[in-house]
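The structure under discussion appears below in the form of structure tokens.
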Amino acid sequence: MGLFGSICILIVVSLLGGRPGMVSACTAGVALLMGGLMQAHGLSYLLAASILAGILFSRKVAKVIAVSASWRTDDWLHYRVRGQLFFVSRVYFQAGFKHHEHPTRVTIDMAEAHIWDQTGMRALDQVVRKLRQGGSTVELLNLNAESLDLFRRISESSDALVRS
């Protein structure tokens, strides 16, 4: 039972882009818990409990992203993004941008943010595209190494100005 739980964790973490430390740090405890749940209630209960826990966790983490805006000059709007950008948090991320205001220059500072997946990158692409359609020049600032790699590989806005 514990081995089955460990394998499930490895598959989920590898598909969702986890790091090796994520597996080794939690596998033993979760495997024990899963083994006990499966023995007491069966596989269907274990699957339902795992799915529910995943949904509840992702909804909680989604609300952790924050976007704040400040005017640097009359024609320069600066956004600061903090938190984790992934498939669940994209709605909250996009809601933080003022698409009806189109200054000459817009900067998006991602120093305190991390983009985890393709959906998060698509959300950033949509924001950049809408701001550009309004006539703004958009600069992305301080993408961390992993987010920058993802941006270079799959972004549709790869010609955007990116500064570290």
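The values are calculated or read from the model by the stated rules, or taken from the named source; none is laboratory data. Just so it is clear, the structure is predicted and the values come from calculations on it, not from any experiment. Glycine gets a Cβ as well: all are built from the backbone with ideal geometry, and neighbour counts include every protein chain shown.
Checking the conditions here, which among Ala123, Ala48 is within 30 Å of Leu33 (Cα to Cα), out of contact with any strand residue (DSSP E or B) (no Cβ under 6 Å at 6 or more places or on another chain) and free of Cβ contacts under 8 Å to residues at least 40 places away in the same chain?
Values: Ala123 fails: within 30 Å of Leu33 (Cα to Cα).
Exactly one of Ala123, Ala48 is within 30 Å of Leu33 (Cα to Cα), out of contact with any strand residue (DSSP E or B) (no Cβ under 6 Å at 6 or more places or on another chain) and free of Cβ contacts under 8 Å to residues at least 40 places away in the same chain, namely Ala48.
Which of (1) over 13 Å from the mean Cα position of the chain (by Cα); (2) at pLDDT 90 or above is the odd one out, the single condition Glu156 does not satisfy?
Going through (1) over 13 Å from the mean Cα position of the chain (by Cα); (2) at pLDDT 90 or above one by one, Glu156 breaks only (2).
Restricting to region 87-116, what's the tally of residues that are closer than 14 Å to Leu131 by Cα and of a type outside the set (Ser, Thr, Tyr)?
First pass over region 87-116, keeping only residues closer than 14 Å to Leu131 by Cα: 94-108.
Retained after the next criterion (residues that are of a type outside the set (Ser, Thr, Tyr)): 94-103, 105-106, 108.
Of the residues in that region, 13 qualify.
Take Ala95 and decide whether it is outside the structural domain of Val30 (by TED's automatic domain parsing), over 30 Å from Leu32 (Cβ atoms) and in contact (Cβ under 8 Å) with a residue 40 or more places away in the chain.
Numbers: outside the structural domain of Val30 (by TED's automatic domain parsing): yes; over 30 Å from Leu32 (Cβ atoms): yes; in contact (Cβ under 8 Å) with a residue 40 or more places away in the chain: no.
Here the answer is no, as Ala95 does not meet what is asked.
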